[in-house]
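The values are calculated or read from the model by the stated rules, or taken from the named source; none is laboratory data. Note that the structure is predicted; figures quoted are calculated from it, not measured. Neighbour counts run over all protein chains shown; Cβ positions are idealised from the backbone, glycine included.
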Amino acid sequence: MKVCGLTGGVGMGKSTAAGFLLTSGVRVIDTDDLARELVQPSEPALTEIVVAFGKEILGADGQLQRAKLARQIFASAPARQKLEAILHPRIRARWAAQIEAWRRENCPIAVVVIPLLFETAAEKHFDKILCVACSPAAQQARLRERGWPPEQILQRIAAQLPVEQKIARSHHVLWTEGTLEVHRRQITTILARL
């Protein structure tokens with residue numbers, strides 16, 4: 001089985017690429033989804049996060065208020081590192097277990113979507129790394145379309161390795177400024193090479 005990591009900057013098209021991979025029959029696991037699972041009220045990670053950041057990050061229903069926590073962690077590198085220390089080992093354990101399950105099923109290709117792939121030194125776990133990228137102008141326009149204020153956009157971008165460095169360290173690059181059909185064709189070409 002070929003195991004690939006998919007990375008890229010915030011707002012550059014990782015979810016779209018993952019969708020095309022899924023429709024191509026590739027097994028895909030997204031670490032953002034795993035992070036959301038880990039902060040459910042029944043999860044030990046949420047208890048640790050509340051101890052670290054305070055009960056005010058919970059809503060009346062006991063759910064994590066992600067936007068409130070995001071404002072704290074993206075405004076402070078030490079706060080972000082504290083959260084990452086709680087979540088990243090658990091996230092890695094879950095995707096590694098999923099990869100092993102797919103390996104036992106003899107799947108030909110599996111992809112793990114990891115926005116912070118290089119930042120967490122995960123590259124050694126993958127046969128190939130795919131990077132989804134676009135220009136800074138397109139990235140910022142997409143994030144503005146999500147309703148993010150300029151300060152939040154700059155904080156999120158600053159929290160990640162510059163995309164130029166991600167591109168340089170990857171085996172394949174998907175440039176996402178064209179049409180969705182161009183994006184899909186790039187995925188098809190890369191899968192043929194894998």
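Quick rundown of the values:
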| read-out | value |
| --- | --- |
| Count of residues meeting criterion [in contact (Cβ under 8 Å) with a residue 40 or more places away in the chain and either assigned to a helix (DSSP H, G or I) or buried (at least 17 other Cβ atoms within 10 Å of the Cβ) (or both)] in the range 78-115 | 18 |
| Qualifying residue in the range 151-159 (condition: closer than 19 Å to ARG80 by Cβ, more than 18 Å from the chain's Cα centre (by Cα) and part of a helix (DSSP H, G or I)) | yes |
| Breaking point among (1) surrounded by fewer than 17 Cβ atoms within 10 Å (Cβ to Cβ); (2) modelled with pLDDT of 90 or more, for LEU143 | (1) |
| Within the range 116-129, considering residues that are within 14 Å of the chain's Cα centre (by Cα) and under 15 Å from ALA17 (Cβ atoms), the one surrounded by the most Cβ atoms within 10 Å (Cβ to Cβ) | LEU117 |
| Residue that is farthest from ALA138 (Cα to Cα), among those in the range 21-45 that are touching a residue at least 40 places away in the same chain (Cβ under 8 Å) and more than 16 Å from the chain's Cα centre (by Cα) | ALA45 |
| Sole exception among (1) farther than 16 Å from ASP32 by Cβ; (2) in contact with a Lys or Arg (Cβ under 8 Å, 6 or more places away or on another chain); (3) β-branched (Val, Ile, Thr) for ILE73, by number | (1) |
| ALA138 surrounded by 12 or more Cβ atoms within 10 Å (Cβ to Cβ), within 14 Å of the chain's Cα centre (by Cα) and of a type in the set (Gly, Ala, Ser) | no |
| Output for the range 51-77, where each listed residue is buried (at least 18 other Cβ atoms within 10 Å of the Cβ) and either without any contact (Cβ under 8 Å) to a residue 24 or more places away in the chain or among the small types (Gly, Ala, Ser) (or both) | ILE57, LEU58, LEU69, ILE73 |
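Residue by residue, here is whether (1) modelled with pLDDT under 95; (2) more than 24 Å from ALA168 (Cβ to Cβ) holds:
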{"position": "LEU6", "(1), (2)": "no, no"}
{"position": "VAL10", "(1), (2)": "yes, no"}
{"position": "GLU56", "(1), (2)": "yes, yes"}
{"position": "GLY59", "(1), (2)": "yes, yes"}
{"position": "GLY62", "(1), (2)": "yes, yes"}
{"position": "GLN65", "(1), (2)": "yes, yes"}
{"position": "LYS68", "(1), (2)": "yes, yes"}
{"position": "ILE73", "(1), (2)": "yes, yes"}
{"position": "SER76", "(1), (2)": "yes, yes"}
